[in-house]
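The values are calculated or read from the model by the stated rules, or taken from the named source; none is laboratory data. Just so you know, these numbers come straight off a predicted model, no measurement behind them. In this analysis, Cβ positions are derived from the backbone assuming ideal geometry, glycine residues included, and neighbour counts consider all displayed protein chains. Side chains are part of the model used for accessible areas, which takes the heavy atoms of the whole protein and leaves out ligands, DNA and RNA. Shrake-Rupley method; radii C 1.70, N 1.55, O 1.52, S 1.80 Å.
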Amino acid sequence: MADIACGSGHILLAAARRIAHELATVRTGEEQPSPSSLRLALRDVIRTCIYGVDLNPLAVELCKVALWLEAHVPGEPLNFLDHHIQCGNAIVGFVTPDELNHGIPDEAFKTLTDDDKDTAKTLRDANKQQRKDATFGELAFEKNLRPQLQQFQEQWNQLAVLPERSPEEIATKKERFRDLTQSARALRQTAHLPIAQFYLPKTPENKTSVTTHRPYLEHLQGLRPLEAQRLAASEALAQRKSIFHWFLAFPEIIQRGGFDCILGNPPYLGGTHLSGSYGYPFCEYVKWQYAPTGLSDLVAYFVRRLNTLLKPGGFTAFITTNSIKDGDIRKDGLEQVMAQGSSINFAVRGIKWPGHANLVVSLVSIHKGTWKGPFSLDNQTVPTINAYFEDAQDLGQPFTLGENDSVIFEGYKPLGDGFNLTDEEAAELLKIDPRNQDVVFKIINGQELNNTPDQKPGQWIIFFYDRTKTEAAKYVEPFNIVENRVKPYRATQNRKSNRENWWHYGEKRPALTAKVSRSNSCFVTAATTKHLNFSEAPTDYLFSHALKVFTTDRWDLFSVVQSTLHEVWARKYSGSLETRLRYSPSDCFSTFAFPDGLWTTPNPALAKPTTNTADSSCWISGSASPTPTTSSTTPTSPRRSSSKSPNATPAKPP
């Protein structure tokens, strides 16, 4: 039994107690075994059955301490746990030795922000040609390294059965473990090579440290040893990134086909934060390792790895965010493991986290193989469970409809709080120089849209659009504010364009700017919202990235996106945060079928108010607007038409 993101060991400890109780019951024949019988059983369970991995070395030590305290038997030494509770990145590394035969992938040489373009291209072209010329095959590993691996596995099995009855025996086991780990260094160095190439910078001075396909193949086959500099560079990087190879860390488990059971609470981190937290090389690596996949969420890669580590017929059960069944996270995680033949046999769609955190989580159990027993969904027996956590057969993904392209956008994303202004600062800037109205705006976010009755912007912000540095510097005071407040923060960013173009927003949405430039109003909804509701807004507002902007002023189109049909569709195919909808246009708008011909021919019947005996001004789609006209609201920020970037190309909205 394993937890591959074990933290300080709470889940492992609970599992060990449960298994120990069953073991003690079998040993004693008693329904309630004595405390001494339970403790002896618990010691044996922790010594032989419990495995854990975590990226945090302190958490690993805390996990060992928790297990030691629980399993301590008076007069007996503490269990040896170094070979069962290990530190490493559970999703970065190889599970089986056969993966080494894949060689150095071309994806490892994609040009990233800190790479030299020419160097990266030279290495990428060389690697492509070498892969084309080489005959790899399974014999590469078999002829050279398989005997070393078999010897390592035999010695590991001998280590596992060494006694632990005295401090001297524990010390002997620890020394054998240290020696055995060192003896596998050559295997580990070779395994590091394909993954390390994703992380090593592709620069002229680093070129001799990078390894391409042919030298790796020759090294793997034992034809020619790899230069020490290349091996050392990969090994040093692997240590920094905690690359973790399962067939070397737990060889007895991989030999037998995998774990019987994996439990846990895998970490989750949204795709937009992955590069900031782990870097762009990590993003490129996981897209290759877990293909087909995108950058949806960290938890998706854990779900994929969990399934890989299970033996056929094994089970994994975990607590996770309830977004596991939504959008790209579902497609990259649950749908992929089900496509590989696994079955979801138990799920609870959403429950409040029992602790203080304001979270709604899901409970999931996956069987590796076709499940023949009963299915449980929200504690009800159902005929099946699909990746949406529905008791019906999954009919597959809806198709993207071309006519829905480029009409709904996420708002502007500054990437730096230094762009924000107080009311006093904004008033002072507009007073100092009236021209500053070209770059000083009021911006509306999702909270104001959902919670403010008049739905007016409440914050001021500086926005230079796509002006060059020279053009932006003409607005002296706003430019100085951004330089002092934003530039230091941007210097810490991974993306080169964000570091160098620090006066630009992280996402300045030129297509959105072009779309809204030809009309006086559009419709917006909060990206995360309890109720899906589009509201009319003037286009001289600046819209934050917490909003989705439907770039049309047509009320017949509004009535479609405001309909219950569209909301049901959005809640199924989009995402969620706790119990709130996370509206994802690529998943729920681009795939939603509008009435035939509506994009090209307006339908007055959908745009007109309906008559109600109680209130004759009731709007057919639930809008607060009594008539289907564009907004006449007086702008609270400078007119967008007076401050457009000269490079923006207006596009006629639908």
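In region 526-582, counting only strands (runs of 3 or more DSSP E) that sit wholly within it, the ones holding 2 or more residues that are farther than 20 Å from residue 452 by Cα span 575-577. Restricted to region 347-361, and to residues there that are within 18 Å of residue 380 (Cα to Cα) and out of contact with any Phe, Trp or Tyr (no Cβ under 7 Å at 6 or more places or on another chain), the residue that is least open to solvent (accessible area, probe 1.4 Å) is 348. Note on region 443-499: among residues that are among the acidic types (Asp, Glu) and assigned to a loop (DSSP other than H, G, I, E, B), the one that is nearest to residue 509 (Cα to Cα) is 466.
Name the single residue, out of those in region 161-176 being touching a residue at least 12 places away in the same chain (Cβ under 8 Å), part of a helix (DSSP H, G or I) and open to solvent by 60 Å² or more (accessible area, probe 1.4 Å), that is nearest to residue 84 (Cα to Cα). Per the criteria, the residue is 174. When the residues of region 583-607 are filtered to those that are assigned to a loop (DSSP other than H, G, I, E, B), free of Cβ contacts under 8 Å to residues at least 60 places away in the same chain and touching an Asp or Glu at 6+ places or on another chain (Cβ under 7 Å), the one that is least open to solvent (accessible area, probe 1.4 Å) is 598.
Let's see how each residue does on (1) free of Cβ contacts under 8 Å to residues at least 60 places away in the same chain; (2) within 11 Å of the chain's Cα centre (by Cα); (3) buried (at least 18 other Cβ atoms within 10 Å of the Cβ):
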residue: 286; (1), (2), (3): no, yes, yes
residue: 291; (1), (2), (3): yes, no, no
residue: 294; (1), (2), (3): yes, yes, no
residue: 301; (1), (2), (3): no, yes, yes
residue: 307; (1), (2), (3): no, no, yes
residue: 334; (1), (2), (3): yes, no, yes
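Scanning region 27-61 for residues that are open to solvent by 60 Å² or more (accessible area, probe 1.4 Å), without any contact (Cβ under 8 Å) to a residue 12 or more places away in the chain and over 23 Å from residue 163 (Cβ atoms) turns up 29, 30, 31, 32, 35, 58, 61. Residue under question is residue 405, and the condition is that it be out of contact with any helix residue (DSSP H, G or I) (no Cβ under 6 Å at 6 or more places or on another chain) and loosely packed, with under 14 Cβ neighbours inside 10 Å; does it hold? Criteria met by residue 405.
Going through (1) touching a residue at least 24 places away in the same chain (Cβ under 8 Å); (2) farther than 12 Å from residue 417 by Cα; (3) polar (S, T, N, Q) one by one, residue 480 falls short only on (1). Per the listing 530, 474, 487, the residue uniquely surrounded by fewer than 16 Cβ atoms within 10 Å (Cβ to Cβ), of a type in the set (Lys, Arg) and touching a strand residue (DSSP E or B) at 6+ places or on another chain (Cβ under 9 Å) is 530.
Comparison of 379, 386, 436 shows that the only residue that is over 29 Å from residue 511 (Cα atoms), of a type in the set (S, T, N, Q) and surrounded by 19 or more Cβ atoms within 10 Å (Cβ to Cβ) is 386. Within this structure, residue 526 fails the test of being touching a Pro at 6+ places or on another chain (Cβ under 6 Å), at negative phi and either among the hydrophobic types (A, V, I, L, M, F, W, C) or at pLDDT 95 or above (or both). Among the residues of region 232-255, the ones that are more than 24 Å from residue 11 (Cα to Cα) and either of a type in the set (Val, Ile, Thr) or open to solvent by 30 Å² or more (accessible area, probe 1.4 Å) (or both) come to 7 in all.
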